[in-house]
Amino acid sequence: MGPGQGHAEGNGCGLNPEKPRKKATQIITGGRKKTFTGPVVNVPVWRASTHLYDDVAALEAGKSGNEDGRFFYGRRGSPTQWSLADALTQMEPGAAGTMLYPSGVAAISCALLTILRPGDVLLMTDNAYDPSRAFADGFLKKMGVQTRYFNPLTADIAGLFCEKTKAILLETPGSLTFEVQDVPAICAEAKKRGVITLLDNTWATPFFYTALDKGVDMTIIAATKYIVGHSDVMIGSVTTHERLWSRLRQTAQQLGQIVSPDDAYLASRGLRTLAVRMKAHEKSAVKIAHWLRDRPEVEIVLHPALPECPGHEIWKRDFSGSSGLFSFVLNGTKEKAAAFVDALELFGIGYSWGGFESLALPVHPEQCRTEVPWDKDRALIRLQIGLEDSDDLIADLDSAFKTLT
Ligand SMILES: *Cc1c(COP(=O)(O)O)cnc(C)c1O
């Protein structure tokens, strides 16, 4: 069998692709084609720039066609990357394919560049991840694309459309403040006007929130977070349906986007335990969010599973769970918040999240909001609840609160 004929044998793992499977099962079986893995369970690391052809005729024949599973040249990937992309595609009903990128930010930038042309207007939720804003306000602006920010809880997205509106970037729940957006309603309006919708789905991952079936056109994950799950790899992905797939792929290829096989391997390895990790993050984070809510030192806990979180009803309607990241407002000054974070022992101070370890960070939404201002004196702390014992984490938070008085 020649290169690239792997699809003909189905998954090659004795699985009937027609049988419906639950998500936890899909996570285990996704991307496990025999042509990718050989007889071993985990896809090996295929390090390769050059792929050799049998003869010149095969070389020439290789130029027609461009899909995963077809050996060509290292920049188009090898079985290690194809397997991961395939597994992510299988998690999104309605998806045609997934492109991988060397970071979540690269995934966001390349998804937007696939759609936007000079003169277009991009609508972006005001609580988008700050580097998404930086890309819009920097690179896209220079390219002649104008970005308009909007209230994440707007009930009138159509009222924001103008002739030149080309795309909307959503994020639910939003970075730092966790408002949950009515994605199906926004996508329905966008569809009527031919506006493309993109969603940053890093928080929930497709395990807790499938996006394309909500009407989203392109779903983006910073796989650096929960997919990798071990805080040791940077990687991003964009998954889309048939209509945009070849454009997404061409843009990524023209921009030379490629993920190393080692990183793809680690992401695949992380992915296999996503279901158990997500459920553990969820259980512990919900418990801690409830505990924090009853503390006199806490003004409000912003966790989508709590009724006081803006958009909670939508979270209940659309999500099948919540992950381990949320924030709370401390009653007190920002200095107090810094002292609180410094006093924690089990929570590291650092960027990123989605790994096995807990993290705490004072965050400042006032620095990156233009539509829904945040009071600069309100002390917001973001917590990533890791996989430590939740009683130990609560004891650590309790001790840190006691140092504040
Ligand atoms: C971290 C993050 C990203 C970017 O991912 P990187 O891999 O760090 O580039 C994008 N969106 C959200 C919501 C994130 O938290």
Practice item. Using the structure shown, decide if residue 246 is farther than 18 Å from residue 26 by Cβ and free of Cβ contacts under 8 Å to residues at least 12 places away in the same chain. Key: yes
Revision key, fill the gap. So, first residue farther than 18 Å from residue 342 by Cβ in the range 373-390, second residue of a type in the set (Asp, Glu) and assigned to a loop (DSSP other than H, G, I, E, B), Cβ within less than 6 Å, six or more apart or across chains; the pairs are 386/357
Check your understanding: Looking at residue 223, is it under 16 Å from the mean Cα position of the chain (by Cα), modelled with pLDDT of 95 or more and at negative phi?
Key -> yes
Exercise for review: Among the numbered conditions (1) surrounded by fewer than 21 Cβ atoms within 10 Å (Cβ to Cβ); (2) among the hydroxyl-bearing types (Ser, Thr, Tyr); (3) more than 16 Å from the ligand (Cβ to nearest atom), tell me where residue 240 comes up short.
Suggested key: (1)
Practice item. Tally the residues that are assigned to a helix (DSSP H, G or I), within 11 Å of the ligand (Cβ to nearest atom) and either surrounded by 24 or more Cβ atoms within 10 Å (Cβ to Cβ) or charged (D, E, K, R) (or both), restricting the search to the range 112-132. Key: 2
Practice item. Kindly list, by first and then second residue, each pair from a residue in the range 190-205 that is modelled with pLDDT of 95 or more to a residue that is surrounded by 22 or more Cβ atoms within 10 Å (Cβ to Cβ) and among the basic types (Lys, Arg), limited to pairs with Cβ atoms under 6 Å and residues at least 6 apart or on different chains. Key: 202/225
Review point. Got a sec? Which of 155, 111, 136 is over 22 Å from residue 322 (Cβ atoms), modelled with pLDDT under 95 and not assigned by TED's automatic domain parsing to the domain that holds residue 309?
Key: 155
Check your understanding: All but one of (1) surrounded by fewer than 22 Cβ atoms within 10 Å (Cβ to Cβ); (2) within 16 Å of the ligand (Cβ to nearest atom) hold for residue 271; which doesn't?
Key -> (1)
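For every residue, the table says whether it meets (1) among the hydroxyl-bearing types (Ser, Thr, Tyr); (2) assigned to a loop (DSSP other than H, G, I, E, B); (3) away from the ligand (no atom under 15 Å from the Cβ); (4) not assigned by TED's automatic domain parsing to the domain that holds residue 134.
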position: 353; (1), (2), (3), (4): no, yes, no, yes
position: 356; (1), (2), (3), (4): no, yes, yes, yes
position: 361; (1), (2), (3), (4): no, no, no, yes
position: 371; (1), (2), (3), (4): no, yes, yes, yes
position: 377; (1), (2), (3), (4): no, yes, yes, yes
position: 380; (1), (2), (3), (4): no, no, yes, yes
position: 396; (1), (2), (3), (4): no, no, yes, yes
Point to revise | Pairs where the first residue, in the range 92-106, is closer than 23 Å to residue 24 by Cα and more than 8 Å from the ligand (Cβ to nearest atom) and the second is assigned to a strand (DSSP E or B) and of a type in the set (A, V, I, L, M), C-beta under 8 Å, 6+ apart | key: 98/238; 99/238
Study note, to complete from the structure: The number of residues in the range 331-364 that are among the hydrophobic types (A, V, I, L, M, F, W, C), out of contact with any Pro (no Cβ under 9 Å at 6 or more places or on another chain), touching a residue at least 40 places away in the same chain (Cβ under 8 Å) and under 24 Å from residue 297 (Cβ atoms) is 7
Point to revise | Which listed residue, of 379, 360, 400, is buried (at least 19 other Cβ atoms within 10 Å of the Cβ), farther than 26 Å from residue 132 by Cα and touching a helix residue (DSSP H, G or I) at 6+ places or on another chain (Cβ under 6 Å) | key: 400
**Study point:** Sole residue being over 23 Å from residue 240 (Cα atoms), in contact with a Pro (Cβ under 9 Å, 6 or more places away or on another chain) and not assigned by TED's automatic domain parsing to the domain that holds residue 267, chosen from 53, 73
**Key:** 53
Practice item. Go through the range 382-394 residue by residue and tally those that are in a loop (DSSP other than H, G, I, E, B) and among the charged types (D, E, K, R). Key: 2
Exercise for review: Sort out which residues of the range 199-220 are aliphatic (A, V, I, L, M) and more than 8 Å from the ligand (Cβ to nearest atom), and write them in order of number.
Suggested key: 199, 204, 211, 212, 216, 218
Review point. All but one of (1) within 15 Å of the chain's Cα centre (by Cα); (2) within 16 Å of the ligand (Cβ to nearest atom) hold for residue 87; which doesn't?
Key: (2)
**Study point:** Selection status of residue 70, modelled with pLDDT under 95 and either under 29 Å from the mean Cα position of the chain (by Cα) or of a type in the set (D, E, K, R) (or both)
**Key:** yes
Check your understanding: Taking the range 338-351 on its own, how many of its residues are aromatic (Phe, Trp, Tyr) and either under 23 Å from the mean Cα position of the chain (by Cα) or not assigned by TED's automatic domain parsing to the domain that holds residue 301 (or both)?
Key -> 2
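The values are calculated or read from the model by the stated rules, or taken from the named source; none is laboratory data. All values derive from a computational prediction rather than experimental measurement. Every residue, glycine among them, receives a Cβ derived from its backbone with ideal geometry; neighbour counts consider all protein chains shown.
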